[in-house]
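The values are calculated or read from the model by the stated rules, or taken from the named source; none is laboratory data. Given the structure is predicted, the values throughout are model-derived calculations rather than measurements. So basically every Cβ, Gly included, is an ideal-geometry build from the backbone, and we count neighbours across all protein chains shown.
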Protein chains: 2
Amino acid sequence: MEEKEISQAVIGRLPRYFRYLGELKDEGVERISSQDLSALMKVTASQIRQDFNNFGGFGQQGYGYNVEYLYNEIGKILGLDRQHNYIIIGAGNLGRALGNYLNFEKRGFILRGLFDQNPALVGSMVRGIEVMPMEEMERFIRENDIDIAVLTLPKTSAVPVAERLMGTQIRAIWNFAHVDLVMPERIQVENVHLSDSLMKLSYSISRYEKEQEKS
Amino acid sequence: MEEKEISQAVIGRLPRYFRYLGELKDEGVERISSQDLSALMKVTASQIRQDFNNFGGFGQQGYGYNVEYLYNEIGKILGLDRQHNYIIIGAGNLGRALGNYLNFEKRGFILRGLFDQNPALVGSMVRGIEVMPMEEMERFIRENDIDIAVLTLPKTSAVPVAERLMGTQIRAIWNFAHVDLVMPERIQVENVHLSDSLMKLSYSISRYEKEQEKS
């Protein structure tokens, strides 16, 4: 498969394709037409074809797409054909909630440890894994080959912790703190702002109401 | 402001503009050039100008953008110039984590109640609000003018709960269950798949590594 630059918009859509294809695979579906996938995913068949063309256009006229092949190819592009070890920093409600997401494990993201500065939380367990004190973080990362750090911390703590992480081998930060972290390129960052999603919902409500007023 | 159809891509970017403009406003900044906003947000000045042109292009040559005005206009588009009452259904770790997000309140999203089917969780408190049993949900929605339901439930429970919600006055569902809910248009839905964000991070790690291998 050629290493063509794929647009951010397409990349943004790949995880959802991956999820749907995974479910079809689990159901034993071997092939699917762009029309059927379109009806299932509520995405136009032409969008699907254009997106999949980025990967050499796997479909065959009259045959549709081979589900397992597509699932594997998209999985490779997303870097899901390998395991990632991650830690959670900040063992409050959100950290614990993420620690309990079993479907991350299904995707090859394995939780190895949690950390917190609060002595009351140190020693507590999340899914059989003990919460450790912050002082042990760097050593743990080194000894357990951790590549992703999930930050579920207040924003004032996130910045100094991110600075400490810069001195480690981690390759990526999944950041839920209310601040956009900017790191050197060797540490990829995904800043998650849950309120952005809520604001999009608010926009949808507003727009629907305006449409109703006009009719 | 004219009611022009704004693309989904631009809508997707509005919450982040809103956040940054809010912070500038809190810091007392009255105006900002597209260059400075660009440097701050790591978005091109031309993207900013194109996006803001959707709202009548508020900037003035040499003056830049009026922060408060832009903040208010984007807030109106996002439907944030009014209050929304919400409930959380599913009072496990994720539900409790969301219940503790004070910045939703800041945006006018007010938590009014939580619900769970587990008798062990009923009666527990989240930020001073009591978790109620599922039987009370419809009556509570009616009596408290609830317009948004946040679903933080396993996927098998999400579908029957969504069906119950269809019979209520709610206008929107913010869904964290691992299933894409499809509802009649009068109930807007935002399906959140946190694993999608993690998969994008995995893609970024993978792509960075491939770039490093080439050099």
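Going through (1) at pLDDT below 90; (2) under 30 Å from A:Lys214 (Cβ atoms); (3) of a type outside the set (Phe, Trp, Tyr) one by one, B:Arg13 falls short only on (1).
Residues in the stretch A:84-115 that are more than 8 Å from chain B (Cβ to nearest Cβ), among the aliphatic types (A, V, I, L, M) and either crowded, with 21+ Cβ neighbours inside 10 Å or over 17 Å from the mean Cα position of the chain (by Cα) (or both): A:Ile87, A:Ile88, A:Ile89, A:Ala91, A:Leu111, A:Leu114.
Looking at the stretch B:116-157, which of its residues are under 24 Å from A:Met199 (Cβ atoms) and not polar (S, T, N, Q)? Passing the criteria: B:Val126, B:Arg127, B:Ile129, B:Ile141, B:Asp145, B:Ile146, B:Asp147, B:Ile148, B:Ala149, B:Val150, B:Leu151, B:Leu153. Total residues in the stretch A:92-122 satisfying the condition of being in a strand (DSSP E or B) and of a type in the set (Val, Ile, Thr): the figure is 1.
Counting only residues that are exposed (fewer than 15 other Cβ atoms within 10 Å of the Cβ) and at the interface with chain B (Cβ under 8 Å from one of its Cβ atoms), the stretch A:157-208 holds 3 of them. Please indicate, with yes or no, whether at least one residue in the stretch B:127-146 is over 25 Å from A:Ile148 (Cβ atoms) and facing chain A (nearest Cβ under 10 Å). Within the stretch B:127-146, not a single residue is over 25 Å from A:Ile148 (Cβ atoms) and facing chain A (nearest Cβ under 10 Å). In the set (1) part of a helix (DSSP H, G or I); (2) in contact (Cβ under 8 Å) with a residue 24 or more places away in the chain; (3) more than 12 Å from chain B (Cβ to nearest Cβ), A:Gln35 fails one condition alone, (2).
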